[in-house]
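The values are calculated or read from the model by the stated rules, or taken from the named source; none is laboratory data. For clarity, every value in this text was computed on a predicted model and none was experimentally measured. Reconstructed Cβ throughout: ideal geometry from the backbone, glycine too, with neighbour counts over all protein chains shown.
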Ligand SMILES: Nc1ncnc2c1ncn2[C@@H]1O[C@H](COP(=O)(O)OP(=O)(O)OP(=O)(O)O)[C@@H](O)[C@H]1O
Ligand SMILES: [Mg+2]
């Protein structure tokens with residue numbers, strides 16, 4: 001059985017990404033504090049568009065990232081909390097109610113209602129990542145933070161369930177096994193991103209965190225302090241890089257450099273005159289260069305970024321969550337694209353800001369500031385671990401157990417017979 005903490009109470013957060021794997025090590029202090037003691041990353045060529053396509057390359061990336069983090073403190077990591085970084089994310093709300101007969105709500109009522117709601121999760125081969133109690137109502141009283149001790153006739157629970165298809169998870173498990181790691185908990189990556197960079201006020205008001213990765217974009221909607229929707233779409237920064245490589249007949253590495261150094265979504269009068277040298281693929285890079293006005297690079301990027309935020313908007317509208325997203329916060333490597341906030345705000349018609357990791361952690365400077373976006377999900381998982389896995393009161397706990405599995409059946413039997 002995996003444990004959440006390693007020897008010496010060390011938390012290890014691991015984020016396997018399309019471009020790189022990151023690992024951060026920290027000692028928990030309290031619900032809001034941890035001491036970061038190690039951080040490491042390594043490039044990954046084994047994941048494409050949220051799928052593991054090369055197991056050996058992924059394992060190599062995980063091993064190197066973990067070893068780099070371990071080298072800070074000479075400790076050996078055995079167990080990790082990791083992002084569920086491959087496969088799609090599916091969200092559903094399940095609801096149930098419990099007859100109280102006018103009595104006070106007890107802890108065992110909450111447990112029973114939780115187990116009943118979990119039993120309503122459709123039985124599929126998908127893995128349940130999160131079961132988050134998002135709303136308790138007691139008769140006509142809604143949005144009750146903690147129902148325990150209150151009296152009424154009927155207690156209602158709405159639970160947000162996040163699932164992911166089974167095979168990508170199995171691939172992840174194989175990658176962990178081959179890296180000699182056990183995984184205590186998989187966290188949906190936009191959930192982790194939200195823990196890293198949203199303020200309490202944003203989570204309460206209604207905010208979408210958008211994790212702009214290399215191979216995919218994660219979307220997490222927070223409302224009334226809870227994650228109420230999560231999704232991932234297979235559209236990431238690699239698409240921009242490929243567009244630039246194709247358009248200007250250059251290698252992917254050169255296209256990546258052009259995008260990150262000269263890319264923008266904002267027009268400028270100077271961009272017509274500003275010439276960017278781009279080496280031609282397969283030629284002697286120092287000899288065969290073309291010179292491209294920066295305006296043409298911007299013109300290649302803008303329609304893709306508009307397409308991405310239109311996709312996000314349509315998805316949120318179709319699922320009914322757009323109206324509660326008053327703010328959008330961009331994270332992940334793609335959030336560093338010059339002018340992306342302005343372009344996103346224009347398409348979405350909402351406030352947009354760049355996410356910065358909440359400063360909860362002493363010695364966070366082990367992670368260099370220029371790499372904060374890459375490490376965002378790891379920082380979020382540290383906070384998730386200290387807040388949810390180690391300290392959350394039971395009525396708010398993110399309880400993960402697939403419907404119909406042995407644990408739920410046992411739990412229900414236990415409640416029914418206690
Ligand atoms: N300054 C920049 N401008 C534009 N894009 C950038 C910039 N810096 C990084 N990126 C892009 O960010 C992406 C990498 O982001 P990130 O590290 O969050 O991805 P990942 O976690 O490896 O991928 P995924 O989450 O999709 O598995 C790459 O596409 C990279 O080109
Ligand atoms: Mg990522």
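Structure data summary
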{"item": "Pair list, Cβ < 8 Å and 6+ apart or interchain, from region 35-56 residues that are closer than 28 Å to residue 366 by Cβ and without any contact (Cβ under 8 Å) to a residue 40 or more places away in the chain to residues that are within 14 Å of ligand 2 (Cβ to nearest atom) and in a loop (DSSP other than H, G, I, E, B)", "result": "43/19; 44/17; 44/18; 44/19"}
{"item": "Scan of region 15-28 for residues that are more than 16 Å from ligand 2 (Cβ to nearest atom) and touching a residue at least 24 places away in the same chain (Cβ under 8 Å), ordered by number", "result": "25, 26, 28"}
{"item": "Matching residues in region 296-312 - criterion: being crowded, with 19+ Cβ neighbours inside 10 Å and free of Cβ contacts under 8 Å to residues at least 40 places away in the same chain", "result": "298, 309"}
{"item": "Which numbered condition residue 168 misses (of (1) over 25 Å from residue 123 (Cα atoms); (2) at pLDDT below 95)", "result": "(1)"}
{"item": "Odd one out for residue 356, checked against (1) closer than 24 Å to residue 29 by Cα; (2) in a helix (DSSP H, G or I); (3) away from ligand 1 (no atom under 11 Å from the Cβ)", "result": "(2)"}
{"item": "When residues of region 257-272 are limited to those that are without any contact (Cβ under 8 Å) to a residue 12 or more places away in the chain and closer than 14 Å to residue 336 by Cβ, the one farthest from ligand 1 (Cβ to nearest atom)", "result": "257"}
{"item": "Test: residue 226 is away from ligand 2 (no atom under 16 Å from the Cβ), under 27 Å from the mean Cα position of the chain (by Cα) and surrounded by 14 or more Cβ atoms within 10 Å (Cβ to Cβ)", "result": "yes"}
{"item": "Check on residue 319, farther than 14 Å from residue 239 by Cβ, in contact (Cβ under 8 Å) with a residue 12 or more places away in the chain and within 16 Å of ligand 2 (Cβ to nearest atom)", "result": "no"}
{"item": "Hits in region 135-156 (condition: within 29 Å of the chain's Cα centre (by Cα) and surrounded by fewer than 22 Cβ atoms within 10 Å (Cβ to Cβ))", "result": "135, 137, 142, 143, 144, 145, 146, 156"}
{"item": "Residue that is nearest to ligand 1 (Cβ to nearest atom) [pool: residues in region 329-343 that are assigned to a strand (DSSP E or B) and under 15 Å from the mean Cα position of the chain (by Cα)]", "result": "331"}
{"item": "Residue ranges of helices (runs of 4 or more DSSP H) in region 132-238 with at least 1 members out of contact with any helix residue (DSSP H, G or I) (no Cβ under 7 Å at 6 or more places or on another chain), free of Cβ contacts under 8 Å to residues at least 12 places away in the same chain and farther than 26 Å from residue 314 by Cα", "result": "166-178"}
{"item": "Flag if residue 326 is closer than 24 Å to residue 198 by Cα, in contact (Cβ under 8 Å) with a residue 24 or more places away in the chain, away from ligand 1 (no atom under 16 Å from the Cβ) and in contact with a helix residue (DSSP H, G or I) (Cβ under 7 Å, 6 or more places away or on another chain)", "result": "yes"}
{"item": "Checking residue 254 against (1) in contact with a strand residue (DSSP E or B) (Cβ under 9 Å, 6 or more places away or on another chain); (2) more than 16 Å from ligand 2 (Cβ to nearest atom); (3) in contact (Cβ under 8 Å) with a residue 40 or more places away in the chain, the condition it does not meet", "result": "(3)"}
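The rows are residues; the columns are (1) surrounded by fewer than 24 Cβ atoms within 10 Å (Cβ to Cβ); (2) more than 14 Å from ligand 1 (Cβ to nearest atom).
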residue: 9; (1), (2): yes, yes
residue: 13; (1), (2): no, no
residue: 16; (1), (2): no, no
residue: 26; (1), (2): no, yes
residue: 32; (1), (2): yes, yes
residue: 35; (1), (2): yes, yes
residue: 48; (1), (2): yes, no
